[in-house]
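No lab work stands behind these numbers, since they all come straight from the coordinates. From a predicted model like this one, the values you see are computed outputs, not experimental measurements. Here the Cβ is made from the backbone with ideal geometry for all residues, glycine too, and neighbour counts use every protein chain on show.
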Amino acid sequence: MSISFVLNGKSTTLDADPNMPLLWAVREVVGLPGTKFGCGMALCGACTVHLDGQAIRSCVMPLSAVAGRQVTTIEGLQSKPAKAVQAAWIALQVPQCGYCQSGQVMSATALLENNAAPTDADIDAAMSGNICRCATYSRIRAAIHAAAQSVKA
Amino acid sequence: MTHDTLTRAPRQPTRRAFLKGAGSATAMALTIGFEWAASTRRAGAITAPVAGAPFAPNAFLRIGADDSVTVIAKHVEMGQGAYTGIATIVAEELDADWSRVRVESAPADAKRYANLAFGTIQGTGGSSAMANSWMQLREAGGKARAMLLAAAAKQWHLPVAELTVDNGIVHHAASKRQATFGSLVKTAASLPVPEKVTLKDPKEFALIGHRAPRVDVPAKVDGSAQFTLDVVLPGMLVALIKRPPLFGATVKSFDAAPANAIPGVVKVVQVPRGVAVVAKSFWAAKQGRDALMVEWDDTSAEKRGSGALMDEYRRLAEQPASAARTEGDAAQAIAKAARRVSASYEFPFLAHAPMEPLDAVVKLGASSCEIWAGDQFQTIDQANAAKTAGLDPQQVSIHTLYAGGSFGRRANTVSDYIVEAVSIAKAYGADGTPIKLQWTREDDLHGGMYRPMYFHTLEAGLTEKGELSGWRHVIVGQSIMADTLFAPMIKNGIDPTSVEGAASIAYAIPNISVALSTIKTGVPILWWRVVGSSHTVFAVEAFIDEVAHAAGEDPFTYRRKLLEHEPRMKAVLELAAEKAGWSNGPMPKGKGRGIAVAEAFKTFVAQVAEVSVDETGHVTVDRVVCAVDCGTPINPDIITAQMEGGIGFGLGAVLYGSITLKDGHVEQDNFNSYRVLRMNEMPTVEVHIVPSTEAPTGVGEPGVAPVGPAVANAIFAATGTRIHVLPFPKPGVA
């Protein structure tokens, strides 16, 4: 069955099992490996992508559910907040093993795209679904604040 | 009492020291077992120079005609910063331009790339990457620098003494001549490697001790960093294994038909660990595995629950045990003491749960086996893969990729996930088809190789004045090293990884007895970040807090008095207390401050935790102040990051971490039932690094050890309640 949607700004049609999670469609059918598999149950956030501008867990999102919609993966980040997040991640040396960081960057970007000046409570609410076993949380928090500042400036 | 009797005997060697000093029997066993594992590949070896060829003066460094500096890492990068640390040491002595430095992973080759702390094994663990590489890589960089200087001197017909190197460029100040490294590689490659080289005075360090940015960060921010999950090879298939529901069960029979009916499933094969579904995609393999019907033979499986196991451990704690450390007569001292304190502590099985579920890609042919993995024990995995495939180790090559976390999980002597992948490729036909074995999170949590369960019982005797006169500590649990190639390190019944942090207790106590009872169960176990100190330090530091309280003394000053003979440990304790404002006195109602100190892998760490406990008993860890002495700080920012991360990792474990068994079945499936620390639970962390010119020691693990007891002691300060069973009780749960 073929399903059409917009992936990273490009019209995309995939001939794949409509029940296949978006995560695996993006990774194995399209060939974009930045989005990661961590739990398969929307419990860890490693697979976070944007669906119509909102952070969602692609490991539980059936491909059929994204038909006609806009999907953005780490490879397609373009917005000013996204670039600010990535720059802050480098400036504050956030990643350790790095495996969860695509998902962290996607969640942080969605947060800043919807809230230009998040409080610590906003950060907790937006980021607590993204597990980092290296526990880079302090730096993630600081980097989100730094990115928010740089977007404002 | 003389000063001498207060001075404790030489410590039990740490695991690292054991591995390095290696009781000669161990060293020999490891050498015999793995010497033949050396690869025949000679990448990076000296070859005759040809035009445009890189300059490769040793196994760790290659300099290109384009000025690129490639450092070859013998250690895996799993988040701990090893690649950056390794590159920093080489680049420092080389005086390289940091922006031109790249890192690539070394092939599996024990001859060139052994971890010098492990004897003849190439691998990463025990927080040893920097410690064992320090002099090796300083010399590698320094010798290359000397050869580049000699090459410039030769090209310019000038004395070497008149030349200097800065940021990848050789200068002659008087004539204002300069040459980049790249322009010198051809001449340098023709020169002999010097026997000796004068290394830098640490005062001249420009990278070491500074905050060189991590080499792996940019690729880990834009999704381009390559993990094993991301390996794609032409014709590659994906495999999942259905494993038995009980440890020790085996396949009785299976029906592949329902799996074969799933579109994309290519083949169903039986392997020693279960039944594998090989498919064209993860999704097909997953659906195929869900459909597969397997009947298991659980005749010899472990069917006990973790409660029954702990009951047995408790019983064993009353029985005679093997002595790990004996000084004076602890039993008599405690019997005669004016006051006695006792407590027991229970520790659960813990999963490593790295973010990247275990995975490996294997391309097995008739006479070769190529492996891609976030490999932590390269030459052990090479040997095990070879044995599984029926090949010689030289026919097995390993591409070590970034590991999406490990915390010890990928460092196991049976190479479980690698062997599984090879066994699937073999059962599939060993026809050169690349196969990626993928574990799911459920596979990870059900898959064993846990930090063992332990039971500790402690007893102390105090004098009238509250001084410690005797200390008795009994540990019960499984041995990590038993039945592995590390078994020769078990001496007189003591697996050093079971007692490190307890037998090595640093406090000055005249009578000490530390003993170990080792038990066998059917649950596969493994080291977990900071190994023995993940439980021993909790027991020691929670108990010494109870002792200080019984003595009516402040827990910081009580510890400090017992550490007069341990300047580095005492210094981190004092630094953490000072920075945390310990002398400000008790905190307001509902809040508490606790302290703990540890030595792990020769690194000293002290932490002060501050907690808030609300009326319902809910604990919030507000702040952790950490002081660390790891010798010469190679990269202060990475040291800070490892302390922050170690605190978060250790905190998640004591708050929530527990793998439990019911009738042999693991009760946790995913991150909903195996809780780990999340963003909203991360305390503010402050890290203070002790300036030092001692040889560097590791930072990947030691920061994990003190956080649990520091928080438990803080909870006591806030509530008057001691914690004796891990993980911490949940509010409202008795």
message: Are there any GluC sites (Glu not before Pro) in the stretch B:542-604 that are in a DSSP loop and have at most 13 other Cβ atoms within 10 Å? List them by number.
response: B:Glu564
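Where nothing but the Cβ of Lys and Arg (+1) and of Asp and Glu (-1) is charged, how large is the charge dipole of chain B around its Cα centre, in debye to the nearest 20? Mind dumping the intermediate values first?
Working: 71 positive and 74 negative charges, 173 e Å.
Here the size comes out at about 820 debye.
Please express the shape of chain B as an equivalent ellipsoid: the semi-axes are the square roots of 5 times the eigenvalues of the C-alpha gyration tensor, given largest first in whole angstrom.
Details: eigenvalues 361, 269, 102 Å².
Working through the eigenvalues yields semi-axes of 42, 37, 23 Å.
So if I place +1 on the C-beta of Lys and Arg and -1 on the C-beta of Asp and Glu, and nothing else carries charge, what would the dipole magnitude of the stretch B:38-218 be about its Cα centre? I want it in debye, nearest 20.
Taking the Cα centre of the stretch B:38-218 as origin, the dipole is about 300 debye.
Using Cα-Cα distances under 8 Å and only pairs 6 or more residues apart, what relative contact order does the stretch B:38-218 have, in percent?
27
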- line: Taking only C-alpha positions in the stretch A:80-152, Rg and Dmax in angstrom work out to 10.6, 31
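Show me B:472-484, B:309-321, B:349-361 ranked by packing, highest mean number of other Cβ atoms within 10 Å first. Each step should come with its number before you reach the end.
Values: B:472-484: 21.5, B:309-321: 15.4, B:349-361: 26.0.
Peptide ranking by packing, descending: B:349-361, B:472-484, B:309-321.
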- line: Taking a label point 7 Å from the Cα of B:Glu327 along Cα-to-Cβ, the residues of the stretch B:549-565 whose backbone nitrogen sits under 19 Å from it are B:558-565
- request: Starting from the amide H of B:Tyr674, placed 1.01 Å from N in the peptide plane, find each other amide H under 5 Å away whose residue is 5 or more places distant or on another chain.
  value: B:Asp669
- prompt: Quick one: B:Phe282, B:Phe254, fewest Cβ neighbours within 10 Å first, how do they rank?
  reply: B:Phe254, B:Phe282
query: Tell me which aspartates and glutamates have Cα within less than 13 Å of B:Lys662's Cα, excluding those fewer than 8 residues away on the same chain?
result: B:Glu302
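Can you tell me, using C-alpha contacts under 8 Å and at least 6 residues apart, the relative contact order of chain A as a whole percent? Walk me through the numbers before you get to the answer.
Working: 276 pairs, mean separation 36.8, N = 153.
Value for chain A: 24 percent.
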task: Could you sort B:297-307, B:621-631 so that the peptide with the highest average Cβ count within 10 Å comes first and the rest follow in order?
output: B:621-631, B:297-307
query: Cα centroids of the stretch B:633-680 and the stretch A:14-70: how far apart, whole angstrom?
result: 26
statement: A student applying the Cα gyration tensor rule (rounded when a/c is under 1.5; otherwise prolate if a/b is larger than b/c, oblate if not) would label the stretch B:301-441 prolate
field: Whole-angstrom gap from the stretch B:477-506 to the stretch B:523-594, using each part's C-alpha centre
entry: 24
Of B:Val613, B:Gly631, B:Val687, farthest towards positive along the dipole that unit charges on Lys, Arg, Asp, Glu beta carbons give the stretch B:572-687: B:Val613
- line: Going fewest to most other Cβ atoms within 10 Å around each Cβ, A:Cys59, A:Cys44 line up as A:Cys59, A:Cys44
- prompt: Within a Cβ distance under 10 Å of B:Arg722, other residues only, what is the Lys/Arg minus Asp/Glu net charge?
  reply: -2
- prompt: Which is farthest toward the positive dipole end of the stretch A:80-152 among A:Ile144, A:Ala110, A:Gln93, measuring Cα position about the Cα centre, with Cβ charges +1 (Lys, Arg) and -1 (Asp, Glu)?
  reply: A:Gln93
- prompt: So which aspartates and glutamates pass the test for B:Lys196, namely a Cα distance under 15 Å, with those fewer than 8 places away in the same chain ruled out?
  reply: B:Glu93, B:Glu139
task: Pull up the DSSP beta bridges for the stretch A:2-76 and report the antiparallel fraction as a percent, rounded to 5.
output: 85
field: Long-range amide H partners of B:Val266 with built H, under 5 Å
entry: B:Val278, B:Ala279, B:Lys280
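Let me know the mean shielding of B:642-649 by other chains, meaning the per-residue number of their Cβ atoms within 10 Å of its Cβ. Mind dumping the intermediate values first?
Working: counts 2, 0, 7, 10, 2, 2, 7, 4.
What the average comes to for B:642-649 is 4.
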- request: Could you pull the Cα extents of the protein assembly as shown along its three principal axes, largest to smallest, in whole Å?
  value: 78, 78, 62
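For B:277-286, what's the mean count of beta carbons from other chains sitting within 10 Å of each residue's beta carbon? Each step should come with its number before you reach the end.
Details: counts 0, 0, 0, 1, 8, 8, 12, 4, 0, 4.
The shielding value for this peptide is 4.
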field: For the protein assembly as shown, share of DSSP beta bridges that run antiparallel, in % to the nearest 5
entry: 75
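Counting only other chains, and only Cβ atoms inside 10 Å, what mean value do you get across the residues of B:349-356? Before the final figure, lay out each step's value.
Values: counts 0, 0, 0, 1, 5, 5, 17, 9.
Across the residues of B:349-356, the mean count of other-chain Cβ atoms within 10 Å is 5.
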task: Go ahead and collect, in residue order, the members of the stretch B:647-689 whose backbone nitrogen is under 18 Å from a label point 7 Å along the Cα-Cβ direction of B:Lys579.
output: B:647-651, B:683-689
query: In the stretch B:323-369, what trypsin sites (Lys or Arg not before Pro) fall in a loop by DSSP, with at most 15 other Cβ atoms inside 10 Å?
result: B:Lys336
field: Environment charge of A:Pro95, counting only residues whose C-beta is closer than 10 Å and scoring Lys/Arg +1, Asp/Glu -1
entry: +2
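Rounded to the nearest 20 debye, what is the charge dipole size of the stretch B:297-386 about its Cα centre when +1 sits on each Lys and Arg Cβ and -1 on each Asp and Glu Cβ? List each step's numbers first, then the result.
Numbers: 9 positive and 14 negative charges, 144 e Å.
Result for the stretch B:297-386 is approximately 700 debye, rounded to the nearest 20.
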message: I'd like the antiparallel share, as a percent to the nearest 5, of DSSP beta bridges with both residues in chain B.
response: 75
The stretch B:382-429 versus the stretch A:79-153: alpha-carbon centroid distance in Å: 36
Spatial extent of the stretch A:2-76: Rg and Dmax, with the Cα atoms as the point set, Å: 10.7, 29
- prompt: Which Rg and Dmax, in Å, describe the Cα atoms of the stretch B:234-291?
  reply: 11.2, 36
message: On a 25 Å Cα-Cα criterion, which of the cross-link pairs B:Lys280/B:Lys303; A:Lys36/A:Lys80; A:Lys10/A:Lys83 come out too long?
response: B:Lys280/B:Lys303
Straight-distance crosslink candidates among aspartates and glutamates, where the alpha carbon sits under 16 Å from B:Lys154 and sequence neighbours closer than 8 are dropped: B:Glu162
statement: Projecting the Cα atoms of B:Gly79, B:Ser99, B:Ala146 onto the charge dipole of the stretch B:38-218, where Lys and Arg contribute +1 and Asp and Glu -1 at Cβ, the residue farthest towards the positive end is B:Ala146
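Note down the relative contact order for chain B as a percent, whole number, built from C-alpha pairs under 8 angstrom at least six residues apart. Could you put the intermediate results ahead of the total?
On the way: 1717 pairs, mean separation 109.1, N = 734.
That works out to 15 percent.
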task: Any chance you could list P(r) for the stretch B:161-216, counting all Cα-Cα pairs in 5 angstrom bins from zero, rounded to whole %?
output: 4, 13, 15, 22, 24, 16, 6, 1
task: Determine the calculated [θ] at 222 nm for chain B from helices alone, applying -39500 (n - 2.57) to every DSSP H run no shorter than 4 residues and normalising by the residue count; nearest 500 deg cm²/dmol.
output: -9000 deg cm²/dmol
